[in-house]
Amino acid sequence: MLQVAIQKQVGAFKLDVAFQHEGGTLILFGPSGSGKTTTLRNIAGLDRPTSGHITFDGEALYDRSKRINMRVQQRRLGFIFQQPSLFPHMTARENIAYAGGKTSDAERWIELFGVQHIVDQHPNQMSGGEQQRITIIRALMRQPRCLLMDEPMSAVDAGTRHLLLHELHALQRETKIPMIYVTHNVSEAYRIGDRVIVMEGGRIVQDGLPIEVFHTPTSAAIASLSGTENIITGRVLSHNAEDHTTTIDAQGATLHVPLCHEKIGKSTTLAVRPEDILLATGEVSGTSARNQVAGRVVKVRYDTFPTVLVALDTGLSLRAKLTHQSVKFLKIEPGRRVYLLMKTWAFHPLDAGRSHHHTPDPLKDTPTNDNAMRRP
Amino acid sequence: MTRTRQNVTADKGHEIQRFAKVLKLTTCMILITTLTGSANDARAPTAEKHIKITVSAAASLNDVFTEIGRRFEETHPGVVVQFNFLGSNHLQRQIEGNDGVGVDVFACAAEAPMDALVAGGFVRPEDRRLFAGNRIALVVPVGNPARITSFADLADPRVQTLAISGERVPAGIYARQVLEKLNLTQTLSNKLVNTAHVRQALAYVIQGEVSAGLVYATDAAQVADALQLVEIADTIWHDPIRYPIAMLDRSPHPDAAWKFVDFVMSNIATEILERHGFRRPGRATLSKLPSINTGEKLDNSDRLHKAWIALKLSLLAATGALMVVFPLGTLVGAILAKCNFRGRELLDSVLTLPMVLPPTVTGYYLMIMLGSRSWVGRTLEDILGIHVSLSLLGAGIASGVIAFPLMMKSARTAFESVNHELELASYTLGKGRITTLLRITLPLAKNGLVGGAILSFARAIGEFGATFMLAGMIEGRTMTMPSAIFNAFTNHDDATAQILVLVLTIFSIGVIYLTNRLNSRTMDRQDEAEL
């Protein structure tokens, strides 16, 4: 178990965090500058706190009072940087060999991640996703007791990101190595997080399950971050394989969303961006949007652009992003009755990795259904 | 990011590595062969076999002594004469500054420098001989643009510049006496173009850079078709021009040195001297120019041979310098890049000084610190028999000191430009700092280091100012390419100068090209890796 209780002062910025982590994937979530990367680097030993202590399974990695500061090399914590840190003058195989460890282990990881075809290439011949996979394998060769990842998807293209998250999630489940994953992206947090610690201004502001944290954010900053997404949890009512759609019941509202894995009766979580929600002052016919729900405007928040919070008659609340012109033109104001229009494809799933619908070895399988769920 | 591109860049990289290897190998071979050669000589000063004596002689004696030297070598097999032609006062200072070591014979164009050496105990009074006399001549460029017909015409405002040797150079002293006698000093005071020695003044006249020049009659005779003689000064206008010669008391080859002086006083030498326009003192002095025939002239194979020797010396000195500068510069660069300590930037600045200071300033400091008068220099000579000043070792040291900051700065930049995150990644994989430095940082900094080596090698080859001061310009011993060019220029030997200039230019272009290629390869690779 990892125990962290550290403080660090850098100029005007003060970091003060304390938490424990036993197993699974812990997400350190927050906007840029919240201190999440600093925390991670301090745990790794790449940075030194001003005071506090860090212990792993009782062994002190850092303890100010006892003047202990274990070197990076000895902490046995794997670290994945934002930019792939493969050594450019070595091939993938050489990079992996650099970390030491048994060749048989290396072969196993290479096969597991499906990167046999690039082992003899140099990093500049690989894509970002391939590089990160090799970086992860390299880190695993040391048999780390915990994996620390600092926004590892930054250099990975969107298509591969989805796949790699899936692989990471499965990796964690299989190896049981605890992971601490830093990100400011809600879907990533949802996909692989077992627990989310939200940080802001160097402090922890929330700590809980992903669904708790994002559904009911306690800080404005997080609300604005996760407010880029409307998160909806619903119960699966039916599937339409031909149409590739699923019908769900989201707190009373019937919504048609892309086809998902979950069995009928099970719950599923999706997100829809405020940009993708249309407002109409009356019911609209002849539109391709399969979802049209009625509600009342609760409030309008004016920023660079106005965000309109609408409470549906059935109970669900959704945020829609409009332009100032539209708000004026439609005379949107609190209390006004409106209809929300949403395309099926505007919804995207947040927890693809959690399904066990088909074969038990998710790393080997390329989840084709997931591809269908992605927006065109 | 395609395979082809990777192969191409990898090939280019191999190409450059191969070139660097070949360069190092060739220069290593040259170093070994010639070093073993000269080492043998340096260690056997008294053996009759293949003795080298150094003769420091006034610049005006360049052609005549070269011929005398050749004749001397023909009649005295086993002895090789190396000449050091400069202004007499400069030579005097060299000998004094060096404690009388390194030179075997001294011949100058006035009594005063010899007097000083006798007074300093470097020359025994009884060893001194007078071997020639000379006259002062007023010369003008071909075409005579200022239309000067006599000494008196120098007062005319048409005369814009007058080339004259420096105030301490004998030729300059005599010339100024002439001007004083003719009451021309005031008028010409701001028109004088001072030169390091009389041959340089001669060069300016030949090239038409000045309206007129005051040189020795013998100088004018050497190049009679390259300028016009206007008038020869009356002997009563200046002190008698007497050329003394003597062997130095501390000469390591007293026997050979004595034989040379003797030879210069012999009848064979008389013939050569008179042919070049010098008269024995006491004989009737000439009032018009001697005939042009100066006997042997340099032919092209001689020229190429001289150029080749200069090139070899340059390569030797520069390679030797590089062998010390490269590891030392890399080490210091690594320390400056990686270790953060107080005073780091101050140390960097101090070590960069030799690159920023004028080379002659650096040369001056080196002379003080390593010359035969210094503690270091004396210790080296007494204990190890190693001579720093006026030697190729000195030339190597001078170029090394000047080139070191280049290597150090290149190395520092190379190490700093390695992505620090890669080093951190290595730490997280359990590798210590030294392992990381050797396996990650160094290979990634390689291109920058090679670039630094190339640049400092080039700088060492081209070094002149400091080398000139510490090692002099002794043909066959310390006359590296830049010195050889200067020497050829002042001796109106355009052909040699041009060959050397061409070689150096091509070399420099090659260096710039290589360095640029290496730099762009480094940037390409890092860009690609970051995607």
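One table, with the values for the structure above:
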item	result
Wholly enclosed helices (runs of 4 or more DSSP H) of segment A:19-104 bearing at least 2 residues within 13 Å of chain B (Cβ to nearest Cβ), under 24 Å from residue A:130 (Cα atoms) and touching a helix residue (DSSP H, G or I) at 6+ places or on another chain (Cβ under 7 Å)	A:92-98
Failed item, numbered, when residue B:426 is tested on (1) touching a Lys or Arg at 6+ places or on another chain (Cβ under 6 Å); (2) within 14 Å of chain A (Cβ to nearest Cβ); (3) small (Gly, Ala, Ser)	(1)
Of all residues in segment B:393-422 being charged (D, E, K, R) and out of contact with any Leu (no Cβ under 6 Å at 6 or more places or on another chain), the one that is nearest to residue B:463 (Cα to Cα)	B:409
Helices (runs of 4 or more DSSP H) (entirely within segment B:353-437) containing at least 1 residues that are among the small types (Gly, Ala, Ser) and touching a residue at least 12 places away in the same chain (Cβ under 8 Å)	B:359-370, B:375-379, B:392-416, B:420-428
Failed item, numbered, when residue A:267 is tested on (1) in contact with a Phe, Trp or Tyr (Cβ under 9 Å, 6 or more places away or on another chain); (2) of a type in the set (S, T, N, Q); (3) modelled with pLDDT of 80 or more	(1)
Test: residue in segment B:139-154 that is within 19 Å of residue B:260 (Cβ to Cβ), aliphatic (A, V, I, L, M) and at pLDDT 90 or above	no
Residue in segment A:207-216 that is surrounded by fewer than 22 Cβ atoms within 10 Å (Cβ to Cβ), charged (D, E, K, R) and in a helix (DSSP H, G or I) present	yes
Positions within segment B:71-129 being in a strand (DSSP E or B) and either over 14 Å from residue B:472 (Cβ atoms) or not aliphatic (A, V, I, L, M) (or both), in sequence order	B:79, B:80, B:81, B:82, B:83, B:84, B:85, B:105, B:106, B:107, B:129
Any hit, segment A:190-211, residues being of a type in the set (Val, Ile, Thr) and within 14 Å of another protein chain (Cβ to nearest Cβ)	no
Qualifying residue in segment B:437-446 (condition: buried (at least 23 other Cβ atoms within 10 Å of the Cβ), within 14 Å of chain A (Cβ to nearest Cβ) and of a type outside the set (Val, Ile, Thr))	yes
Qualifying residue in segment A:230-239 (condition: buried (at least 20 other Cβ atoms within 10 Å of the Cβ), of a type outside the set (S, T, N, Q), modelled with pLDDT of 85 or more and closer than 23 Å to residue A:319 by Cα)	yes
Whichever residue in segment A:139-160 is assigned to a helix (DSSP H, G or I) and buried (at least 21 other Cβ atoms within 10 Å of the Cβ) and, among such residues, is farthest from the other protein chains (Cβ to nearest Cβ)	A:140
Residue in segment B:131-138 that is in a loop (DSSP other than H, G, I, E, B) and more than 25 Å from residue B:167 (Cβ to Cβ) present	no
Residues of segment A:105-128 classified as within 13 Å of another protein chain (Cβ to nearest Cβ), surrounded by fewer than 20 Cβ atoms within 10 Å (Cβ to Cβ) and either of a type in the set (S, T, N, Q) or in contact with a Lys or Arg (Cβ under 8 Å, 6 or more places away or on another chain) (or both), total	4
Residue match in segment B:1-23 (condition: under 24 Å from the mean Cα position of the chain (by Cα), at pLDDT below 80, more than 22 Å from residue B:264 (Cα to Cα) and among the β-branched types (Val, Ile, Thr))	no
Extreme residue, surrounded by the most Cβ atoms within 10 Å (Cβ to Cβ), among residues of segment A:161-193 that are closer than 21 Å to residue A:347 by Cβ and of a type in the set (Gly, Ala, Ser)	A:193
Search result, residues across segment B:445-465 that are under 19 Å from residue B:320 (Cβ atoms) and of a type in the set (Gly, Ala, Ser)	B:452, B:453, B:456, B:458, B:460, B:462, B:465
Restricting segment B:391-423 to residues that are within 12 Å of another protein chain (Cβ to nearest Cβ) and acidic (Asp, Glu), the residue that is surrounded by the fewest Cβ atoms within 10 Å (Cβ to Cβ)	B:421
Among residues of segment B:507-523, those that are modelled with pLDDT of 80 or more and either among the aromatic types (Phe, Trp, Tyr) or touching a Ser or Thr at 6+ places or on another chain (Cβ under 7 Å) (or both), counted	2
Sole exception among (1) within 14 Å of chain A (Cβ to nearest Cβ); (2) free of Cβ contacts under 8 Å to residues at least 40 places away in the same chain; (3) of a type in the set (Ser, Thr, Tyr) for residue B:349, by number	(1)
Some residue of segment A:314-325 being assigned to a strand (DSSP E or B), at pLDDT below 80 and either of a type in the set (Ser, Thr, Tyr) or within 21 Å of residue A:256 (Cα to Cα) (or both)	no
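Residues checked against (1) surrounded by fewer than 18 Cβ atoms within 10 Å (Cβ to Cβ); (2) at pLDDT below 90; (3) over 28 Å from the mean Cα position of the chain (by Cα):
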| residue | (1), (2), (3) |
| --- | --- |
| B:219 | no, yes, no |
| B:233 | no, no, yes |
| B:245 | no, no, no |
| B:252 | no, yes, no |
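The values are calculated or read from the model by the stated rules, or taken from the named source; none is laboratory data. Remember, predicted model here, so these are calculated numbers, not experimental data. Ideal geometry is used to build each Cβ from the backbone, glycine not excepted, and the neighbour counts take in all protein chains shown.
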